[in-house]
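Accompanying notes for the structure given below.
The values are calculated or read from the model by the stated rules, or taken from the named source; none is laboratory data. Note that the structure is a prediction, hence the values are computed from the model and not measured. All Cβ positions, even for glycine, are placed from backbone atoms using ideal geometry, and neighbour counts span all protein chains on display. To get the accessible areas, we keep the full protein, side chains included, count just its heavy atoms, and leave off ligands, DNA and RNA. Shrake-Rupley method; radii C 1.70, N 1.55, O 1.52, S 1.80 Å.
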Amino acid sequence: GCHPSVTHEFCDSIAMVTPISGFLRRLPLAWLVLATFPDSFPDRVVTSASAKKIGGPVRLAGPKKENKWRYLSKFGYDIGTGSFDFRFQLSAPKSIPEPAVIQLEVYLDEQWAEVESEPVMCDRQRYAKQVRNISIGPGANWTDWSTGTLSQSVRPHIWYFVVSDCRHTLANFTHRLKFEFHAKQANGSEFSVEMKGMLLANALFLGSFIVLMHWFIKRTLAFAKSAGYVHPVIWTLASGMITQFIAQVMHTIHLLAYKYDGDGLKACEVLSEILFMLAQVIQTSLLILIALGYTLLQSKIGELDLMIPMCFMIGVIHIMLVGFGKIKDDASYKYHENEGVIGWILLVLRLGLYGWFLWAVQSSAREGGFKIANFLQQFRIAGSLYFLAFPGIFLVTQLFAPYLQHFVMTIGQMFMQTGFNLWLSSLFLTRGEYFKALDPLHWTSFGSCQATDRPEPFATS
């Protein structure tokens with residue numbers, strides 16, 4: 001991911017694709033298989049992108065001490081010898097009286113905390129594993145590429161790239177530069193090490209989601225045929241699952257594109273994160289709505305109509321958090337989408353919603369009979385697992401090395417969402433404790449059943 005102000009540009013050497021692969025790209029399934037399992041196909045069919053590509057503006061020099069030393073980007077290298085390329089260009093001013101020499105500095109993850117804790121910016125250079133002099137100016141032409149390699153033999157490492165003007169070769173006012181950064185692994189992959197295996201994991205998750213959606217649609221159609229219509233609870237669950245499915249498709253497309261051009265589709269990435277958040281808001285709102293007694297104590301929303309604006313506000317807050325998170329997408333401290341302050345805010349929000357859920361379950365249990373209390377006891381346990389899943393995954397992720405955190409966070413959320421979707425689908429589309437506890441008025445609302453009859457639409461056959 002990149003900072004929203006970043007301008008992505010293609011490498012001069014782009015992936016060469018034969019007519020065969022051009023045809024395959026018109027076949028989504030074939031493209032998915034080809035992209036996920038590239039080793040199964042001849043090298044001449046398709047080649048990977050040149051490298052991960054990031055570009056953007058950076059302010060350097062001037063009276064502000066933080067402009068003497070500026071973080072640019074980071075990249076996680078797997079075991080072996082990976083490579084990187086940097087170049088710079090004057091943006092404002094367009095020219096300087098004479099060439100200046102700035103430094104490109106490279107830092108190892110094991111010492112990065114010490115680097116950031118050093119209060120004197122220019123004293124941080126003593127921790128650098130590499131320092132490269134780059135001559136810039138006097139005109140606005142791009143500098144020559146500064147190419148280097150980084151090796152690791154024991155375990156993967158994340159490397160941090162910084163530009164500095166600690167030798168004060170630029171005049172004492174703020175200069176605006178542009179930079180381009182390309183990086184790739186020893187095997188030619190453009191994925192940073194924390195993204196290793198993510199394309200395969202997302203493809204498998206998408207495949208399992210398709211199977212789940214097929215079963216869900218089949219059961220819903222059978223329900224509609226028997227009852228005459230689909231209840232709003234099922235529509236709400238369906239909207240959440242469809243939103244999540246679209247989000248997963250977009251994210252997988254982004255990873256496929258990233259694999260071949262090192263850039264990806266930023267719009268797909270951002271939209272997938274927004275939709276994924278909205279899917280979670282829909283699902284948590286549905287849990288709270290049922291906990292408040294909808295379908296259990298009353299067949300109409302009635303006084304619960306305040307839930308609609310509340311859910312809307314919660315959705316807006318989550319979308320804003322996604323936007324704020326993207327602003328710092330390539331920050332030095334960010335190793336997964338929910339890193340930093342955004343993650344802690346989401347954790348507090350989830351715990352707040354969990355508190356609301358527990359209060360609602362307890363209130364409904366007091367008002368309902370034995371069957372409702374029995375169901376709500378099981379509902380509280382399952383709902384608690386869902387509400388506490390994100391805080392648990394988020395906190396456990398902090399215990400892992402930075403290059404493993406993205407994998408742990410992503411896989412954890414995949415299992416969380418899969419389990420939750422299976423549970424809710426089973427809850428609403430099969431006959432179980434939920435239907436034994438339903439408000440009797442709901443029996444007639446599902447079809448032509450009498451209030452004392454057990455509704456056939458929920459049979460599992």
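Structure above, values below:
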{"read-out": "Region 104-122 and region 185-254: distance between their alpha carbon centers, rounded to Å", "value": "41"}
{"read-out": "Ranked packing of 277-283, 84-90, most packed first, by mean Cβ within 10 Å", "value": "277-283, 84-90"}
{"read-out": "Rounded accessible area of H251 (nearest 10 Å², 1.4 Å probe)", "value": "50"}
{"read-out": "Heavy atoms of I79 accessible to a 1.4 Å probe, total area in Å² rounded to 10", "value": "90"}
{"read-out": "With all protein chains modelled, accessible area of H182 [1.4 Å, Å²]", "value": "20"}
{"read-out": "Per-pair calculated FRET efficiency, R0 = 45 Å: L206 and S83 via Cβ, rounded to 0.05", "value": "0.90"}
{"read-out": "M313, M250, ranked by accessible area, largest first (probe 1.4 Å)", "value": "M313, M250"}
{"read-out": "Region 331-390 - percent relative contact order, Cα under 8 Å, separation 6 or more", "value": "38"}
{"read-out": "Dimensionless Rg over Rh [region 124-202; C-alpha; Kirkwood]", "value": "1.04"}
{"read-out": "Kirkwood hydrodynamic radius of region 52-166, Cα pairs, Å", "value": "15.0"}
